[in-house]
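These notes are about the structure you will find just below.
The values are calculated or read from the model by the stated rules, or taken from the named source; none is laboratory data. As the structure is a prediction and not an experimental result, all values here were calculated from the model. Ideal geometry is used to build each Cβ from the backbone, glycine not excepted, and the neighbour counts take in all protein chains shown. Keep in mind that these areas ignore ligands, DNA and RNA; they rest on the heavy atoms of the full protein, side chains included. Shrake-Rupley method; radii C 1.70, N 1.55, O 1.52, S 1.80 Å.
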Amino acid sequence: ETPCIVIERDVAEKNIRRMQDIADRAGVKLRPHIKTHKMTEYARLQLENGACGITCAKVSEAEMMARAGVDDIFIAYPLVGQFRINRALALCKQCRRLILAVDSKETVLMLSRAAVREGIEVEVRLEVDIGAKRTGIPMERALWLARQISACPGIKLTGIYAFKSMIWHDRPTQDRKRAGEEEGQLMWELAVRLREEGLDIKDI
C-alpha cells in the first residue's frame with residue numbers, strides 16, 4: 001500500500017561505490033553514517049565495498065547493527081546518562097570494535113568508572129566544537145579534556161572528530177569547499193598538538 005519507500009537498488013549501489021572510490025583516491029578511511037538508511041542490508045553493502053566500519057547516532061542503532069553482524073561501530077553522539085553507558089558497555093562485549101564519543105569531563109568520569117567496574121577498556125573519540133555550537137568541547141578546552149581522558153583508567157583516547165556544518169570563520173556559508181577545508185585544517189592542527197602531548201591520536 002502507499003505511501004511506501006521504493007529504493008532503486010542499482011542507483012544505491014552505484015552511490016556506495018562512488019563514495020568509496022572518492023575516499024580511496026583521497027587515501028582516507030570511510031566510515032559511513034547509517035542514520036540515513038538505518039538498514040543492515042545497506043550497511044553490509046557499504047562494508048563489502050570497502051568501508052572500514054559504520055557510524056551510528058545512538059546506542060539503539062548500534063545494537064541493531066551488531067545483531068546483524070556488524071562488528072566495527074562508532075557511536076558519534078556523546079552518551080548522556082548511566083543507562084546509555086551501561087548499554088554501550090554491554091555492546092562492547094559483542095563487537096570486535098566499538099568506539100564511543102565523549103565531550104565532557106562528567107561523561108568521561110562516568111564512563112571510566114563503569115569500564116573499570118566491567119573490567120574492560122573502552123576506545124573513545126573526543127568531539128570538538130569548531131563552529132556548529134551543537135555538541136563537543138570548545139576547541140580552546142580540547143587539550144585540557146584530552147589530558148583528563150588520558151589520566152582515567154578503563155578508557156583510551158584514539159581519535160578526535162567534529163561536526164562543523166556550513167560554517168566558515170564562525171559565520172554561516174554556502175561554500176562547502178571553504179567550510180570543508182577549514183574543518184580539515186582545524187582538526188589537523190588539534191591532532192598535531194595532542195600528539196605533541198604524547199597522546200596516541202590515530203583517527204581524525
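Whether any residue in region 44-54 is in contact (Cβ under 8 Å) with a residue 24 or more places away in the chain and farther than 23 Å from ARG25 by Cα is what I want to check. Looking for residues that are in contact (Cβ under 8 Å) with a residue 24 or more places away in the chain and farther than 23 Å from ARG25 by Cα, one finds none in region 44-54, hence no.
Exactly one residue out of ARG134, ARG84 is free of Cβ contacts under 8 Å to residues at least 40 places away in the same chain and either outside any helix (DSSP H, G or I) or in contact with a Ser or Thr (Cβ under 7 Å, 6 or more places away or on another chain) (or both): that is ARG134.
Residue count for region 61-70 under the criterion of being surrounded by 13 or more Cβ atoms within 10 Å (Cβ to Cβ) and in a helix (DSSP H, G or I): the result is 6. Residues that are open to solvent by less than 20 Å² (accessible area, probe 1.4 Å) and more than 15 Å from THR107 (Cβ to Cβ) within region 132-166 comprise THR158, GLY159, ILE160, LYS164, listed in sequence order. Consider region 96-115 and keep the residues that are open to solvent by 70 Å² or more (accessible area, probe 1.4 Å) and either assigned to a helix (DSSP H, G or I) or of a type in the set (Phe, Trp, Tyr) (or both). The one that is nearest to TRP188 (Cα to Cα) is LYS105. Considering only residues in region 1-43 that are charged (D, E, K, R) and more than 24 Å from ALA162 (Cα to Cα), the one that is surrounded by the fewest Cβ atoms within 10 Å (Cβ to Cβ) turns out to be GLU1.
Which residues, taken from region 167-181, are part of a helix (DSSP H, G or I) and either open to solvent by 50 Å² or more (accessible area, probe 1.4 Å) or at pLDDT 95 or above (or both)?
Of region 167-181, the ones part of a helix (DSSP H, G or I) are 176-181.
ARG176, LYS177, ARG178, GLU181, listed by residue number.
For region 97-111, a residue qualifies if it is under 16 Å from the mean Cα position of the chain (by Cα) and of a type in the set (Lys, Arg), and exactly one does: ARG97. Of all residues in region 47-60, how many are open to solvent by 20 Å² or more (accessible area, probe 1.4 Å) and small (Gly, Ala, Ser)? Going through region 47-60 one residue at a time, the tally reaches 3. For region 116-131, the candidate set comprises residues that are within 19 Å of the chain's Cα centre (by Cα) and farther than 15 Å from ILE160 by Cβ; within that set, the residue that is surrounded by the most Cβ atoms within 10 Å (Cβ to Cβ) is VAL122. Residue check: ALA43 meets all listed conditions (1) at pLDDT below 95; (2) more than 27 Å from CYS152 (Cα to Cα); (3) of a type outside the set (Ser, Thr, Tyr) but one, namely (1).
I'd like the full set of residues that are over 16 Å from the mean Cα position of the chain (by Cα) and in a loop (DSSP other than H, G, I, E, B), limited to region 39-57. Residues satisfying the conditions are MET39, ASN49, GLY50.
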